[in-house]
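Okay, so here's the structure we're looking at.
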Amino acid sequence: MKSISIKDEALNGDILNEIILKFKEEYITVSELITARVTEEVEKYHKNTTIYKNGLVIPTNLEARLNKKERPKIDIEKQVYIALDAFQKNGFFILVDNEQVEDITQKILVDQSTAISFIKLTPLIGG
């Protein structure tokens, strides 16, 4: 397994969040990166709701869900779809080694030296 570090950055360069993802392959697509990231976030949410506040996609009514004792399950497929759609509509940017990726099928080297940043322009709200 190869691991890669992903940082969420504000437009001014501040680091807002950082996660580590693991992949079996040496190269992944942007689509696979987004899918793995959202899947990891949702799985963390199911274990601890407060973690998801920094997620790529913020589920609708998340605050109401956080205040309930029983946490409803978040639909991973729906959140992945929202994130992929947002990427294609420039809702956020991905930088790989300080170069913007624009194609969802673009390949990314999975290596500890690869620097990946997600730049969110606005919160992505999804069901």
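Derivation of every value follows stated rules applied to the coordinates shown; laboratory data play no part. Model, not experiment: these values are computed from the prediction. Note that we place each Cβ from the backbone using ideal geometry, even for glycine, and neighbour counts take in every protein chain shown.
Residue separation of Asp85 and Glu99 scaled by 0.36 nm, minus their Cα-Cα distance, works out to 3.0 nm of gained length. Label positions at Ser5 and Asn48, each projected 7 Å from the Cα along the C-beta direction, are separated by 1.9 nm. Modelled spin-label separation between Ile15 and Lys78, with each label point placed 7 Å from Cα along the Cα-to-Cβ direction: 3.3 nm.
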